[in-house]
Amino acid sequence: MKSSKNMTIAFLLNFSFAILEFVFGLLFNSSAVLADAVHDTGDALAIGLSTFFEQISNKKEDGNYTLGYKRYSLLGALLTSVILIFGSIMVIIENVPKVFAPEKVNYDGMLVLGIVAIVVNLAASRVVSHGHSHNESILSLHFLEDILGWVAVILVSIVLRFTDWYFLDPLLSLLIAGFILSQALPKCWDNIKIFLDHVPSDVDLSRLYGEVLAVENVQAVTQLNVWTTDGLEKFAMIHICLENPALLAETQNTLRQELQAYGITKATIQTDESQEKHEECCLGGE
Ligand SMILES: [Zn+2]
């Protein structure tokens, strides 16, 4: 309850401030502020969507979702990264030409907004740092990191006060967009891989195969599928041929313990029934 209340406050802070950034970014003609607005919109969406989808993902499996709702927790992260990628590409398209044909910006406005932004980020970081969940501590740190972007905005505004190097503003927006992309692209790809049933990133499949094969009574491994619903919960489907089929239950128990070490908590383990494979491996040696 408390966690979701903190997250709601952090969301509202970020979202309302992101809107202000878009308005003042346009008023001050500052590309760097607009790029930060894209970033903060992403932060707000990440918090809002993850809180929303988290509730669905905790529902128990039912007749509609026999594997449970865990994958819903990925949807928020996927949507957020797609929006961030789209937003930063827009910033890049808009601002590459501006570096070569810079426009005047309101550096006084940038300075004031930069100071307000640092206060808002400190406040948001404080709000979530009171929480205890893993998400909250990541978020608290993230808000502190975001201050660096605003320090850069303030530095540029100070330089512009004494010079006419207006190209610095679009240049900074490109740096911010590049930074957003460098974070959002790998995150997006990691999520897509989970939706495509890629082997979990922390499971070494060939090692697992070797360990299953090394279990007593296992003669051959004819099928080994490992996947994850949400990057945390892992499943396996294993087909084996046994030296002594009567000891199936014991072998299954040993295997389940081996799988625990890989974080695989749900596994279907059975002897291979398909005629072709059965002859190939189970009768082949006789
Ligand atoms: Zn951020």
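Maximal additional length on extending the Lys104-Asn225 stretch stands at 37.7 nm, based on 0.36 nm per residue less the C-alpha distance. Does region 1-113 come out rounded, prolate or oblate by the C-alpha gyration tensor, with a ≥ b ≥ c the root eigenvalues, rounded set by a/c under 1.5 and, if not, prolate when a/b is larger than b/c and oblate if not? Note, shape of region 1-113 comes out oblate. Computed from the alpha carbon atoms alone, the convex hull of region 205-283 holds 84 Å³ per residue.
Give the longest segment of the chain that steers clear of trypsin sites (Lys or Arg not before Pro) in DSSP loops with at most 14 neighbouring Cβ atoms within 10 Å, not counting the sites themselves. Longest stretch, sites excluded: 105-286. Among residues other than Val105 with Cβ under 15 Å from its Cβ, the summed charge is -4 (Lys and Arg +1, Asp and Glu -1). Compute the distribution of all C-alpha to C-alpha distances in region 2-195, in bins of 10 Å from 0, and list the percent of pairs in each, rounded to whole numbers. All Cα pairs, binned at 10 Å, distribute as 9, 34, 32, 16, 6, 2, 0 percent. Simple spin-label estimate for Ile115 and Ile92 gives 3.5 nm between the two label positions (7 Å along the Cα-to-Cβ direction from each Cα).
Kindly state, to the nearest 0.05, the FRET efficiency for Leu148 paired with Thr8, given R0 = 25 Å and r defined as their beta-carbon distance. E between Leu148 and Thr8, to the nearest 0.05, is 0.45. Candidates Gly68, Asn6, Phe53 compared by Cα position along the dipole of the chain: farthest toward the positive end lies Asn6, with charges placed on Cβ. Using the Cβ-Cβ distance between Leu27 and Thr66 with R0 set to 51 Å, the FRET efficiency from 1/(1 + (r/R0)^6) comes to roughly 0.45. For GluC sites (Glu not before Pro), the sites in region 94-160 that DSSP calls loop and that have at most 15 other Cβ atoms within 10 Å are Glu103. Checking the table Lys98/Lys187; Lys5/Lys193; Lys59/Lys193 against a 25 Å threshold on Cα-Cα, which pairs fail? Going by Cα-Cα distance, Lys98/Lys187; Lys5/Lys193 fall outside the 25 Å limit.
Quick note: the coordinates plus some simple rules give every number you see, no bench work behind them. Bear in mind the structure is a predicted one, so any value in this text is a computation, not a measurement. With ideal geometry, Cβ positions are generated from the backbone for all residues, glycine too; neighbour counts draw on all protein chains shown.
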